[in-house]
Amino acid sequence: MAEFLKGSGQRAQLANQGWNILDEQVSLPVAVVKQNAISQNAKWMSQFAARSEVLLAPHGKTTMSIELFQQQLAEGAWAITLATVPQVVNAAKAGIKRIILANQLVGKYHFELISELLRQFDIEFYCFVDSIENATALGEYFNQHAISLNILLEVGVEEGRCGWRDLSTLDALVNTCQRYRCLEIAGLGFYEGVISGQNAQLRVTEFVQGVADKAFEFKVLGYFNNDAPIITGAGSAWYDVVAQNMNQVLNKDDFRLVIRPGCYLIHDTGIYAHAQHEVLARSQLACDINGDLVSSLYIWAYVASIPESGLAIIAMGKRDVAFDAGLPIAEFHYCPVTQCLKVVDADMRIEKIMDQHCMMRYSTQTTLKVGDMLCFSTSHPCLTFDKWRQIGVIEQDWVITKTISTHF
């Protein structure tokens, strides 16, 4: 077990009961997830995908936890999506059989790593390609080594992230790929999450429909190397719009329609809570599914100092918790002396964060002491998970019954 748990000599005995955060059997700060929330989220998104008649390939970069990948697959996920070659290597070596690299496979060493994986492991692997230069480099390397590589031609949003910008000229990329017998054109990929602002839903809709129209055209022309090409998009904000519009244009019997939301499993009380609220506001299908996504991730930390009236210094900082999309939100307050656990007063608010400390303002009418413990929820779980190698799992109360490992 991880070193943040109390007493190596006591571990065998404690392991039968768990490690109680409120009894101070754990080093703080500590990151934990609630198992019932994760299970609920996994089931909810699996039901959404099934009712939307799309396949689910959740983006694993959020957690990089093999245990959580396996739970998502057990709940019906079709594949795991990843962002980097080292992530792919870790997942494949841990037994994940179907992987989408939703990114460009660039660089000779990365070619070597993927070719070695394809030789050694029985995996179904796909990567994105969005340039003639990359297609040429991949084609020459994998042809030379006589290894077939499944590629998804990536279409991009103007001023967005990666992806071929002009659908009308995408044939040029197809022509380059077809020069190499090793390159198997398995479908099209895209990411619409960079679209925001005024008329965002309409712009997402038009973009997705444009990609779907091109997919239909390419299938008619015989450009794909498989009978059921993959058409895949959707992050955690527009997955409902993507699923609906892919289905409106494409027959699911002729294509494999795949969405790739990642943050749903952990969820949050910030940007993804807002995004899910928007999904429920526009999707009757989502509303009809029992329950909803709930935040599962929490950070417990001590009050380290109260140097001024109404100012508490919390022993938790940028090295422990995400801060890029909103500061942590205090949820619970526990006093070890009185053993009183309560929901925090609304006036507790983090106003600044440093490497190992947060500055929290609170009402002087609130009783807060050095050594008290505070529990925080977060925004953008990806950038909390990647700070921890071990994360505790809570099944009930605030007792850690096991830990999960991350592999960033």
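Given the condition part of a helix (DSSP H, G or I), crowded, with 17+ Cβ neighbours inside 10 Å and touching a helix residue (DSSP H, G or I) at 6+ places or on another chain (Cβ under 9 Å), answer yes or no: does some residue in segment 101-108 qualify? The answer is no, given that none of the residues of segment 101-108 is part of a helix (DSSP H, G or I), crowded, with 17+ Cβ neighbours inside 10 Å and touching a helix residue (DSSP H, G or I) at 6+ places or on another chain (Cβ under 9 Å). Among the residues making up segment 109-135, those that are under 22 Å from PRO229 (Cβ atoms) and open to solvent by less than 40 Å² (accessible area, probe 1.4 Å) are ILE114, ILE123, PHE125, TYR126, CYS127, PHE128, VAL129, ASP130, SER131, ASN134, ALA135.
Look at segment 74-98: where a residue is farther than 18 Å from GLY189 by Cβ and a partner is assigned to a loop (DSSP other than H, G, I, E, B) and among the aliphatic types (A, V, I, L, M), sitting 6+ places away or on another chain with Cβ atoms under 6 Å, you get ALA92/ILE123; LYS97/ILE123. With respect to LYS318, is the statement that it is assigned to a loop (DSSP other than H, G, I, E, B), open to solvent by 10 Å² or more (accessible area, probe 1.4 Å) and modelled with pLDDT of 95 or more true? Against the criterion (assigned to a loop (DSSP other than H, G, I, E, B), open to solvent by 10 Å² or more (accessible area, probe 1.4 Å) and modelled with pLDDT of 95 or more), LYS318 qualifies.
On inspection, ASN103 does not qualify as closer than 30 Å to CYS287 by Cα and either in contact with a Lys or Arg (Cβ under 7 Å, 6 or more places away or on another chain) or modelled with pLDDT of 95 or more (or both). Which of the residues belonging to segment 38-54 are open to solvent by less than 10 Å² (accessible area, probe 1.4 Å) and outside any helix (DSSP H, G or I)? Result: no residue meets the conditions. Every residue in segment 266-288 that is over 20 Å from VAL393 (Cβ atoms) and within 21 Å of the chain's Cα centre (by Cα), please. Result: GLY270, ILE271, TYR272, ALA273, HIS274, ALA275, GLN276, HIS277, GLU278, VAL279, LEU280, ALA286.
Just a yes or no: is a residue in segment 370-385 in a helix (DSSP H, G or I), out of contact with any Lys or Arg (no Cβ under 8 Å at 6 or more places or on another chain), among the aromatic types (Phe, Trp, Tyr) and at pLDDT 95 or above? The answer is yes, given that some residue of segment 370-385 is in a helix (DSSP H, G or I), out of contact with any Lys or Arg (no Cβ under 8 Å at 6 or more places or on another chain), among the aromatic types (Phe, Trp, Tyr) and at pLDDT 95 or above. Taken over segment 298-351, the residue count meeting the criterion of being under 22 Å from LYS34 (Cβ atoms), touching a residue at least 12 places away in the same chain (Cβ under 8 Å) and among the charged types (D, E, K, R) is 2. The combined condition, being polar (S, T, N, Q), over 15 Å from the mean Cα position of the chain (by Cα) and either open to solvent by less than 10 Å² (accessible area, probe 1.4 Å) or within 26 Å of PRO381 (Cβ to Cβ) (or both), is fulfilled by ASN245.
The values are calculated or read from the model by the stated rules, or taken from the named source; none is laboratory data. If you're wondering where the values come from, they're calculated on a predicted model, not measured in any experiment. When we count neighbours, we look across all protein chains shown, and the Cβ atoms used for this are built from the backbone with ideal geometry, even at glycine. Side chains included, ligands, DNA and RNA excluded: accessible areas come from the protein's heavy atoms. Shrake-Rupley method; radii C 1.70, N 1.55, O 1.52, S 1.80 Å.
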